[in-house]
Amino acid sequence: MRSQRGFTLIEVLVALAIVTIGMAAVLEALTSSARATLYLRRKSFAEWVAINQIERVRLTGVLPRAGTSRGRVRFARHHWHWRQKVIATLVPGVERIEVSTRPVKDPDGHEWYATVTGYMGQAIEAPNPLAPQWIAGPISGTPAGAVPGVPPAPMTQPLGLP
């Protein structure tokens, strides 16, 4: 009787097919992960562009007029479109600023990657009778829980330690 050594051709082909299917799944997972990472990177940059645009408006110190404006800016070695909507709120003197952004060259065809909302205004709040009345000058009196006439004990341990 003769013993067999090695694998038959069918066994090798089946093993190769299993390895090929496994490698295809791994490559698909890596591609999907890379695509998601790039999208999230663009989305983060788009949010920063929108926040920067709102801060640009705030730093002018001038309340913007209601309406829509558009622009283009370079950020993180890419060009970005932004659309700014200024909407009057129910509070007189306060405007809502909504900025939407997307890359100029959008490979995925998304409409807007990010929308950020901010508020700007010159409204002054009426005094609140329930708000604490802060005093100017040093605080005098005995702290709560202290015995009048007895100095507080010196602290021998740092706070938070037993």
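Any read-out appearing in this document is the output of simple, stated calculations on the displayed coordinates, not a laboratory observation. This one's a predicted model, so the numbers in the text were calculated from it and none came from an experiment. No Cβ is skipped: glycine too gets one built from the backbone with ideal geometry, and neighbour counts run over all protein chains shown.
Structure values in brief
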| quantity | calculated |
| --- | --- |
| Computed label-point distance, nm, for sites Ser69 and Arg41 using a 7 Å Cα→Cβ extension | 3.2 nm |
| Inter-label distance, nm, simple model (7 Å from Cα along the C-beta direction), Lys85/Leu16 | 5.9 nm |
| Spin-label proximity, Val104 to the stretch 49-72 - amide N less than 17 Å from point 7 Å beyond Cα toward beta carbon | 49-50, 70-72 |
| Full-extension gain in nm, Leu59 to Ala34, via 0.36 nm per residue minus C-alpha separation | 5.3 nm |
| Gain upon complete extension [Leu27, His78; 0.36 nm per residue less C-alpha separation] | 15.5 nm |
